[in-house]
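Asker: My questions all concern the structure below.
The values are calculated or read from the model by the stated rules, or taken from the named source; none is laboratory data. Note that this is a predicted model, so its numbers are computed, not measured. Virtual Cβ from ideal backbone geometry, glycine too; neighbours counted across all protein chains shown.
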Amino acid sequence: MQLNISIVQLITICAVANGFVFGFLLLEKKENRFANRFLSLTLICMCLTFTPYMLDPSFWNTFRWLAWMPFSFTYWIGPSFYFYVLTLTNTDFRFTKRHLWHFSPLALNYVHSIYHAIFPGNRTPWHWFHFFAELLESAAIISILIYMVLSFKRIKKYQQQLLNNVSTITEIDLQWVKKMIGIIVVSFVLILIFLCISSGVSGKELFHQWDEYRSAVLLLYSSTLYWLSIRGYQQAQIIKISKPIDCNVDLLDEESTKIIAQLDNVMVKEMLFRNPELSLTGLSKSVSISERTISEVLNGNLNKNFYQFVNEYRVKDVQEKLKNPKNAHLKILSLAFDAGFNSKATFNRLFKGFTGQTPKEFKSQNLR
């Protein structure tokens, strides 16, 4: 038997090997240890599921018994990724026995394999059952799409909580996870189309670019594996954030005005905004006002979340320094870092959002 491995297959093999390596490395990573167990499971399931597609068809023709081995773990990809997101965004979450039912549909992955184990080769008497078994295996992708929607909603909720609790969200906003969800959805929709065509639901003869399409699916899936494994391993430790409070705090206008003045006073005099890690909890301790009350005043009276409230002080601080000719020799980025920013991209985005100008435009306009 001579194996012919194309460049696309070689890339896929490397991606799967990379996924397995990072899958086990994640188990040893200290940051986000509990969440990483689910990411590790996601990667390993994705690697095992795609193993049959990365080798030349001649390999499977020679070792046909391998073609029906239970490699597929597609019914575990969705829930394992969802629980990764859930544990990452909720540090209080604990996985218990009552959550195990999410993983129970795995048995449906093996109906197809068992059928071919009983009826090897071309001896397939119940063609309708064979079609049904393949349908069950493909239906796992619907499950993945549902869990991706749930994961996306959870990320959005987490990001809203983040803006009400911290002043710096770089590295913990999980924006990459939202992008990853989109890529996973596209990948598995294309794989679903691939499965429908390859199983005969729609003939290959009607699909003139079949080989190109198959290669594109392999490359996209490989890219997904690479990005998920490497970016997931790089994820910084997620901090614990306060749970959102639904009930309102009844405050008189005078009380709210007094609290706003107190917050402004401590922010300006003590320059708390210069601390990149300033949180709602930290501000609450500094002014001896409950987090709940501060949130209510910021959202209800100032129509701002905590993130906007603090970063507005940072932008104003940079503005004042840029207006001063004595600071003309200083780099804008160093002024931004002194003000409490820790990311150039975040600083530029927020500065333009608050002033309508880029930092360079503002500097040139005010130092004429």
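Asker: Could you count how many residues in segment 354-368 are outside any helix (DSSP H, G or I) and closer than 22 Å to P276 by Cβ?
Answerer: 1
Asker: Just one of (1) of a type outside the set (K, R); (2) over 31 Å from the mean Cα position of the chain (by Cα); (3) surrounded by 15 or more Cβ atoms within 10 Å (Cβ to Cβ) trips up L330, so point out which.
Answerer: (3) is the only condition that L330 fails.
Asker: On the given criteria, is N311 surrounded by fewer than 20 Cβ atoms within 10 Å (Cβ to Cβ) and out of contact with any His (no Cβ under 6 Å at 6 or more places or on another chain)?
Answerer: Here the answer is no, as N311 does not meet what is asked.
Asker: In addition: Which of (1) of a type outside the set (V, I, T); (2) surrounded by fewer than 16 Cβ atoms within 10 Å (Cβ to Cβ); (3) over 21 Å from E171 (Cβ atoms) is the odd one out, the single condition G353 does not satisfy?
Answerer: Of everything listed in (1) of a type outside the set (V, I, T); (2) surrounded by fewer than 16 Cβ atoms within 10 Å (Cβ to Cβ); (3) over 21 Å from E171 (Cβ atoms), G353 misses just condition (3).
Asker: Return the pair list, or none, for Cβ contacts closer than 7 Å from residues in segment 30-43 that are aromatic (F, W, Y) to residues that are assigned to a helix (DSSP H, G or I), at least 6 apart or on different chains.
Answerer: Listed by first residue and then by second, the contacts come to F34/T87; F38/S80; F38/F83; F38/Y84; F38/T87.
Asker: Modelled with pLDDT of 85 or more and surrounded by fewer than 16 Cβ atoms within 10 Å (Cβ to Cβ), is that true of Q175?
Answerer: Spelling it out, Q175 is indeed modelled with pLDDT of 85 or more and surrounded by fewer than 16 Cβ atoms within 10 Å (Cβ to Cβ).
Asker: Please indicate, with yes or no, whether at least one residue in segment 145-159 is buried (at least 17 other Cβ atoms within 10 Å of the Cβ), part of a helix (DSSP H, G or I) and at pLDDT below 75.
Answerer: no
Asker: Any residue that is surrounded by fewer than 17 Cβ atoms within 10 Å (Cβ to Cβ) and touching a residue at least 60 places away in the same chain (Cβ under 8 Å) - is there at least one of those in segment 293-307?
Answerer: Checked segment 293-307: at least one residue is surrounded by fewer than 17 Cβ atoms within 10 Å (Cβ to Cβ) and touching a residue at least 60 places away in the same chain (Cβ under 8 Å).
Asker: Also, I was wondering about something else. Output yes when any residue across segment 312-331 is of a type in the set (G, A, S) and at positive phi, and no when none is.
Answerer: Among the residues of segment 312-331, not one is of a type in the set (G, A, S) and at positive phi, which makes the answer no.
Asker: Does segment 335-350 hold any residues that are farther than 15 Å from K321 by Cβ and surrounded by 19 or more Cβ atoms within 10 Å (Cβ to Cβ), and which are they? Outline the logic, then answer.
Answerer: Going residue by residue through segment 335-350, those that are farther than 15 Å from K321 by Cβ are 342-346, 348-350.
Answer for segment 335-350, where residues must be farther than 15 Å from K321 by Cβ and surrounded by 19 or more Cβ atoms within 10 Å (Cβ to Cβ): just L350.
Asker: Go through (1) over 30 Å from I184 (Cβ atoms); (2) at pLDDT below 65; (3) surrounded by fewer than 12 Cβ atoms within 10 Å (Cβ to Cβ) one by one and return the number of the condition K243 breaks.
Answerer: (1)
Asker: Answer yes or no: is there a residue in segment 186-207 that is assigned to a helix (DSSP H, G or I), modelled with pLDDT of 90 or more and hydrophobic (A, V, I, L, M, F, W, C). It would help to see each step written out before you state the result.
Answerer: Restricting attention to segment 186-207, the residues satisfying the condition of being assigned to a helix (DSSP H, G or I) are 186-198, 204-206.
Now restrict to residues that are modelled with pLDDT of 90 or more: 186.
The next check asks that each one be hydrophobic (A, V, I, L, M, F, W, C); those that pass are 186.
The answer is yes; a qualifying residue exists.
Asker: Restricting attention to segment 276-288, does a residue exist that is touching a Phe, Trp or Tyr at 6+ places or on another chain (Cβ under 6 Å) and in contact (Cβ under 8 Å) with a residue 12 or more places away in the chain?
Answerer: yes
Asker: Here's a follow-up. I'd like to know if segment 62-72 contains one or more residues that are at pLDDT 65 or above, of a type in the set (A, V, I, L, M) and in the same structural domain as Y221 (by TED's automatic domain parsing).
Answerer: no
Asker: Now for a different question. Tell me which helices (runs of 4 or more DSSP H) are completely within segment 247-353 and hold 3 or more residues being outside the structural domain of L162 (by TED's automatic domain parsing) and among the basic types (K, R), or say none if there are none.
Answerer: Numbers: elements: 253-269, 280-287, 291-300, 306-323, 332-338.
Because the criterion is at least 3 residues that are outside the structural domain of L162 (by TED's automatic domain parsing) and among the basic types (K, R), the helices (runs of 4 or more DSSP H) in segment 247-353 that meet it are 306-323.
Asker: Within segment 326-354, can you find the residues that are in contact with a Phe, Trp or Tyr (Cβ under 6 Å, 6 or more places away or on another chain) and touching a residue at least 40 places away in the same chain (Cβ under 8 Å)?
Answerer: G340, F341
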